[in-house]
Amino acid sequence: MYNIKKNFINFWLSQLLSQLGSAITSYALTLWVYSKSNLAFDISILSFCSFVPYIIGSFIAGTFIDRYNKKYIIFIVDTLAVIGTISTLLLISLNQLTVIFISIINIIIGFANAFQIPAVTVVTERLNTSENYTKASGMLSFSDALIFSFSSAIATILYKTIGIEYILIIDIVTYFLANIILIFFINIPRDINEFNYEEESFFNFIKDTKEGFSFIFSNKALFKIIFSMCLMNFFSHITYENILPAMIISRSNSEYILGIVNIFIGIGGILGGFIVSIRKLKGNMAYTMYFFLGITFLFGDLSMAFGRNLYSWIPAAIFASFPIPFIIASQRSIIYTHVPKNKQGRIFATKNAIQHCLIPVGILLGGYLADNIFEPLIVYGNSDFGKFLFNLFGATHGAGMATMFFITGILGFLFSIYMLTNKDIIKLGNI
């Protein structure tokens, strides 16, 4: 398959299966929580509880990944996640499930993801040659988009038909299938340093952990790229990754329309991931990254802001997600090229910690702004500014959240253009 090794195909399929089950469960629980309170802020709290431990765990995860067997790390964190799923199933069967417990489970899963995500990224490099880095990254982006698209649709349909209990059972089944593939059918080459690390004491652990930060901070261009992604994540988690479900449901009064919008978000990502997986990206990776970043904010966020119905939200969804695989593949290619193999676990984990450090702020800020400022300003406000926004986005529930999409779209696009003027970044992108 496009010169991608069979070993990587098996690994890719196992992760696709595992993550699909987890994503279906996560989305179904979001629907369950929103059905209980009808508050965007409650959805924000769930996301907050996932990202904070993810960021904290990322500070130490990279050293573990560089030192120890990556297959076992992925298996262990998958097992932690499925224990949470089983616990949730038991509580809901006893009619004792609460938002607080779901938040606790999200904390555990967030911490586990801090290890799994960079481990999967490093394994991807181990199972491929340099010629296939962007293709393999495209496959990961393809599967991410596939999961996002179908998990939300499947979760919405199953939530309305068979109920959340059976969704949790499906998640447990996919865990066992995926890890059978991982343990028995995948051979992950091990770096010689892994064996050396396992024989030494824990004495140098802190030193190795700090090395990830030192490497990034000493490379100014790489740090600028990572920090710029941090700001972009902040903008997107105020809106797209946060209040989108609440806005769509508020403006359409339909969970099915939300499911359709999510399907097209996934379709856009699938198309982008497919193109990246079959065609090696050429030219300057920095230009590619920030060009597509500007596209997703300009045409994704702004179109979503002005949309009033499904037919206007569909193109917005595609524009928002189609560029993402190009952005991710470009950044991964830059890091794969400039970071030694025996340090990639630390660098990717540290990158994740930095890039995601503002996400919890964006999550809480997005929910708070939606419920307490922008929604009341447009729906109930009588100020001149409120009337101006009224003319742009209407006066229905969800219009305030649409205004937030408009603001992040403008800011994200302008910042993307600004980053294209940085000579150090452009130089690093020549690989």
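The values are calculated or read from the model by the stated rules, or taken from the named source; none is laboratory data. Keep in mind it's a predicted model, so treat the numbers as computed, not measured. Backbone-built Cβ (ideal geometry, glycine too); neighbour counts: all protein chains shown. These area figures cover heavy atoms from the full protein model, side chains too; ligands, DNA and RNA do not enter into them. Shrake-Rupley method; radii C 1.70, N 1.55, O 1.52, S 1.80 Å.
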Cα centre as origin, Lys/Arg/Asp/Glu Cβ charges: the range 1-133 dipole, Debye: 260
Lysines with Cα under 28 Å of residue 207, excluding same-chain neighbours fewer than 8 positions away: 70, 71, 220, 224, 341, 343, 351
Whichever lysines have a C-alpha closer than 21 Å to that of residue 160, once near sequence neighbours (fewer than 8 apart) are set aside: 36
Surrounding net charge for residue 27, when Lys and Arg each add one and Asp and Glu each subtract one, Cβ distance under 13 Å: -2
Approximate spin-label separation residue 98-residue 282, in nm, with each point projected 7 Å along Cα-to-Cβ: 6.0
Surface share of carbon and sulfur [accessible, 1.4 angstrom probe, percent] for the chain: 68
Among 396, 337, 421, residue whose mean-square fluctuation peaks in a GNM of the chain (springs only between Cα atoms under 10 Å): 421
Net dipole in debye of the chain [+1 Lys, Arg Cβ; -1 Asp, Glu Cβ; about Cα centre; nearest 20]: 1080
Solvent-accessible heavy-atom area per residue, rounded to whole Å², over the chain at 1.4 Å: 42
